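The values are calculated or read from the model by the stated rules, or taken from the named source; none is laboratory data. If you're wondering where the values come from, they're calculated on a predicted model, not measured in any experiment. FYI the Cβ positions are ideal-geometry reconstructions off the backbone, even for glycines, and counts take in every protein chain you see.
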Amino acid sequence: MRHYIRSGWTLARRSWFLLTLLFLYQYGWGFAILAWVKNTAVPLLHRFPGGELPEASVRLFWIETEFQLVKTSLAAPYLGTFLVLLLVRMAVTPLLNAGILSVLSSSGEGSARKTFFAGIRRHWKMFLLLYALQTLLTFVPLLWAVPYAAAHISAAADWTQAAAAILPLAAGWLAWQGLLDLVFLYAGFGVAGGAGAAAGAAAFLRRALPAAALAFLMFLISFAVSAAFSLLTVWWAGWAALILHQSYPLLRSLLKLWAIGAQYRLWETTRS
């Protein structure tokens, strides 16, 4: 595992073009979501009574807000904007994956920029298909889990019983998402490497335990680094904290590329 983590780090810190792309992508998406929340939530909360008014005024505010959201078309423009942002993200993400994995599969041959766009032109259909299939498989369990959770919440005597029914479902769904991420990542390795999606997924099945262990170790590393970064932004007030906060998408991009690079080095061993 240590070898794959080290080689993945070497691959990530040398891939400046991919790191810049991931940074711009995450920063742009975060800025778009922030603007959407600002334009949606802030005008609605301007009318919030606050703590200086009686509790009845607060209850009246929430009743009026629920009526406007449910009985009027107030939420339609906000939901429409969010849906457009979500569709744009769902269209761009597989294209970005196709380019990144193509650059990794090129083993440094040629320009990273040319390989990136060539990979998108060559593999965009397959990566869109894989992304659509992964999205479908991600949400299929909710068709059973949501009614099950709703029934147990309505029958629960308190929030402790409700949480006891919901938390195992949430943990299982997150584990399912992690498994799908790995399966389709290796399928993407297969597509970008010319072996095909089925061969990539089969390679994951052959090395499922090492791949899962490597993913867990990278998660722990990313969590520890992110937690330390967050603590530094709280500890250092002023401009230092602002600079650290604004550079956080760059750190997230580096950690993501590091995790992909480590899994790619493991994938390489399945082909030899």
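Data overview
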quantity: Out of L133, L142, sole residue that is surrounded by 14 or more Cβ atoms within 10 Å (Cβ to Cβ) and modelled with pLDDT of 85 or more; calculated: L133
quantity: Only one of R252, R206 that is among the basic types (K, R) and under 22 Å from the mean Cα position of the chain (by Cα); calculated: R252
quantity: From F189, F216, F223, residue being modelled with pLDDT of 85 or more and farther than 23 Å from R14 by Cα; calculated: F216
quantity: Among residues of segment 169-188, those that are over 20 Å from L257 (Cβ atoms) and either among the aromatic types (F, W, Y) or surrounded by fewer than 12 Cβ atoms within 10 Å (Cβ to Cβ) (or both), counted; calculated: 5
quantity: Unmet criterion (only one of (1) more than 17 Å from T269 (Cα to Cα); (2) crowded, with 18+ Cβ neighbours inside 10 Å; (3) of a type outside the set (D, E); (4) at pLDDT below 90) for V234; calculated: (2)
